[in-house]
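Participant: My structure is below; once you've seen it, I'll send some questions.
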Amino acid sequence: MAGPLFSQHWHRVADLRLRLRHHASLHRHEYRGEPWYVLYDTLTGQVHRFTPEAYQIVGRLDGKRSLSEIWDQVSASLGDAMPTQQELIALIGRLHGANVLSGYGDIDIDELSRRQTKQKRGKWLQLVRSPLGIRIPLLDPERFIATSYPLVRPFISPLGGALWLATLLLALVAAGVHWQPLTDNLADRVFGIGNLLMLALIYPLIKALHELGHAWATKDAGGEVHEVGVMLLVFFPVPYVDASAAAACPDKSSRMLVGAAGIMVELFLASLAMLVWAVAEPGLLRAVAFNVMLIAGVSTLLFNGNPLLRFDAYYVLADYLEIPNLFNRANQQLTYAVKRYLLGRRDVTSQARSRREACWMTGYALASFGYRLVIMVAIATFVATKYLFVGVILALWSVTMTLLLPLFKLLKAMTVDDALQGSRGRAWGWLVAGLTAVALLLFMVPMPYATQVHGVIDSREPAQVRVGVSGELVELWVEDGQPVEAGDPLMQISAPELGAEVQMLEARRREIEQELVASVRDTQAASILRETLVPVVRQLDDARERADATVLTSPHSGLLLMPDGTPPLGSYLQRGAAVGVVVRPEDLRIRTLLPAHQVERVRNDTRQVRLRLPGHERDAAGSLLWVSPSSDHAIPSPALSVEGGGQVAVDPTARADDGSPKAFRRHYLADFDAGELLGNGSSLHLGGGVHVRIEHAPEPLGYRLWRDLRRSFLRLFEL
């Protein structure tokens, strides 16, 4: 019991005889070993949770007893734990506002109107505070769900779970076996115009199946689904269903299954798509399977599978921890911790019923706020760069609702809140200390600072090693990456027909020479034989040259680099095919393109350069050789573009004179020494990618954030 026992407003409600409407039902739950009662409204899908003490009142609302009689009975039953009249009025008001009461007596119509107006205002405020997620209800799918449920019931069973798990494991094995072709040139495959269109067509279909999974799982748990619609998630239409009826289910595992059903459906679709992709030939079917994997696998795990966002995994976590309404209660618990331990107030009540629950709530509130802040900034930045003015307004709107409005409320509360009387100085002290600590951390504490770019292996004077004659590779004397000297044999091609041709031409030459000796006195015949000998000698020299070309030799000293790896013995090589290149170690370099805003930092403040090949864990030391004095749109290698796996965006409307692509923005060309890459046992090839990390002097984070923010707005408005 909190507050005075009697209320001056009791006479207005004491004679009311109320009962729960037929569409409201009560269910007993257990959370962390304690009983709770859940009231579920089948018409609206709203769920209300009550303590056993409150249930003593709600359970007696039968339309026959007045509130005065109920209060007397509950007071006699609970003794010292009896509710006050004001608490009973508040409980009735809560039920009244939820529109689950009916009965006889004088009901305050004005109060009901005010509550309905407040509820509508709350929905609009929710829309204003969260403009990136707008729900539009469309229809009631309950009849379809009830009709189709028997068809999917066998899948919502232990046997169905075993089938789901087996399919998932088989797909993981297939993904591991085909990992290289699956991830090869990933950026080019994902961000192509045709693929983006296919993604846009497939995405709503997968999400529709996702939501049907929730609906069928809700039906399996004994609930009903009365709302399906479209949610505009960052203005992109995504289907949704209202599965709140599952909250009334007493079984914890059933509620968790409802929350996880959508994720399980998408993972099953991704698994089937992986198996189809592994056996299908390149074409439309394989492209569709790849995009299904991308949507149903990757995006599901990053968003729906993240409990820090209020999507599916959040509800699964809340049921697992047995903390209903985790998000709101966690924020209230964090507010309690601030008021209780920072401001020293003792008139506040904790939302947690144990120390462990308090730790869970506080940790979740901090983690979810940080993650939501990151997501909000990322979405706002994306929208601002894509939709310009509208995006900027939306970004400012999101920042205001997420950061500025709560800060304004905090300052207002610290200024006028009577509850802070006596501890206002302490509150301002903590606020000033916190802001000072943040300012010191941002602008006084140096943090590691580095520029990371994508580079490509290049050589000043590469010498190609080409096959001189078509044939079968029979000998290989030098492996990829080994040093060679000028003239060293590298590999041998088998061409038996060349030996026979040389022998035939040599025999023909000897025959003509013998005839010349025999016709020494016949001047005319000797002249004809000498003319016949000239092309034979020329053909013999050419045949001998081609026979010598069966042994490939090094054009000069250096390293033999084979871009396609060492060819296997027995493989057939075509004449003119490039099998490698010989480069001098001192001629090797890493070519990169530097953004304009980083070039001065790289020129004047390069402390250390680290190089790393893709797929390797070890770094190699490098050094800056040269930075171009002016910027350009040219791209020295396709590997530096986004389509080739790099970082440079290509301008689709512009081409260089030689037909090569041009960068969307101007960049500065920079070269780095690649000599240290040779000593770490890595296989190099010209045109291969390299990750380059350029380390600068440590700098406080605040200055970098300010520069990035300023540069983003200047670029956005093209100033």
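Participant: On full extension of the chain, what length is gained from ALA578 through ALA634, given 0.36 nm per residue of separation minus the C-alpha to C-alpha distance?
Facilitator: Working it through step by step, the gained length comes to 17.5 nm.
Participant: Same structure, new question: Give the long-range amide H neighbours of GLN608: residues separated by 5 or more places, or on another chain, with amide H under 5 Å away, using H modelled in the peptide plane at 1.01 Å from N.
Facilitator: Result for GLN608 returns GLU695.
Participant: Follow-up question, since we're still on this one. Once you keep just the Cα pairs under 8 angstrom separated by 6 or more residues, what percentage relative contact order results for region 464-580?
Facilitator: Relative contact order here is 54 percent.
Participant: I've got another one for you. Multiply the residue separation of LEU151 and TRP397 by 0.36 nm, subtract the distance between their alpha-carbon atoms, and state the gained length in nm to one decimal.
Facilitator: My answer for the length gained is 84.0 nm.
Participant: Then there is this: Just to be sure I understand the curve: with the Debye formula and one point per C-alpha of region 132-321, what is log10 I(q)/I(0) at q = 0.10, 0.13, 0.14 Å⁻¹?
Facilitator: The calculated log intensity ratios at q = 0.10, 0.13, 0.14 Å⁻¹ are -0.43, -0.73, -0.84.
Participant: Work out the FRET efficiency for LEU441 and VAL279 from their Cβ-Cβ distance, taking R0 = 51 Å, and round it to the nearest 0.05.
Facilitator: Result of the calculation: an efficiency of 0.40.
Participant: I would also like to ask the following. Quick check: pseudo-label points 7 Å beyond the Cα along Cα→Cβ at ARG508 and LEU709, how many nm apart are they?
Facilitator: A separation of 8.4 nm, rounded to one decimal place.
Participant: Ranked from highest to lowest mean number of other Cβ atoms within 10 Å per residue, what is the order of the peptides 79-88, 307-316, 571-580?
Facilitator: 307-316, 79-88, 571-580
Participant: Two-decimal Rg/Rh of region 527-676 from alpha-carbon positions, Kirkwood Rh?
Facilitator: Rg/Rh for region 527-676 comes to 1.17.
Participant: Compare the peptides 258-270, 592-604 by average per-residue count of other Cβ atoms within 10 angstrom and give them in order, highest first.
Facilitator: Listed from highest to lowest mean packing, they are 258-270, 592-604.
Participant: Another one. Give the Kirkwood hydrodynamic radius (Å, one decimal) of region 215-354, defined as one over the mean of 1/r across all pairs of different Cα atoms.
Facilitator: 17.7 Å
Participant: Take region 23-62, compute every pairwise Cα distance, and split them into 10 Å bins from 0; I just need the percent in each bin.
Facilitator: 30, 55, 15, 0
Participant: For a footprinting-style exposure proxy, rank TRP360, TRP71 by other Cβ within 10 Å, fewest first.
Facilitator: Final ranking by Cβ density, sparse to dense: TRP360, TRP71.
Participant: OK, next. What Kirkwood hydrodynamic radius, in Å, does region 1-102 give when the mean of 1/r is taken over all pairs of distinct Cα atoms and then inverted?
Facilitator: In region 1-102 this quantity evaluates to 14.1 Å.
Participant: If you don't mind, another one. For a quick check: sort VAL690, VAL534 by the number of other beta carbons within 10 angstrom, fewest at the front.
Facilitator: So the ranking, lowest neighbour count to highest, is VAL534, VAL690.
Participant: Here is a follow-up. What's the magnitude of the charge dipole for region 584-716 around its Cα centre, counting Lys and Arg as +1 and Asp and Glu as -1 at the beta-carbon? Answer in Debye, nearest 20.
Facilitator: In total the dipole reaches around 480 debye.
Participant: What ratio of Cα Rg to 2.2 N^0.38 Å holds for region 45-108?
Facilitator: 1.09
Participant: Could you tell me the ratio Rg/Rh of region 464-580? Both radii from Cα atoms, Rh via Kirkwood.
Facilitator: Taking Rh as the inverse mean 1/r over Cα pairs, Rg/Rh reads 1.19.
Participant: May I pose another question? Could you work out how much longer the chain between VAL432 and HIS597 gets when fully extended? Use 0.36 nm per residue separation minus the Cα distance between them, nm to one decimal.
Facilitator: This chain segment gains 55.9 nm when fully extended.
Values in this text are rule-based calculations from the coordinates and carry no lab data. All values reported here derive from a predicted model rather than from experimental measurement. Cβ atoms come from the backbone with ideal geometry, glycine included; neighbour counts cover every protein chain shown.
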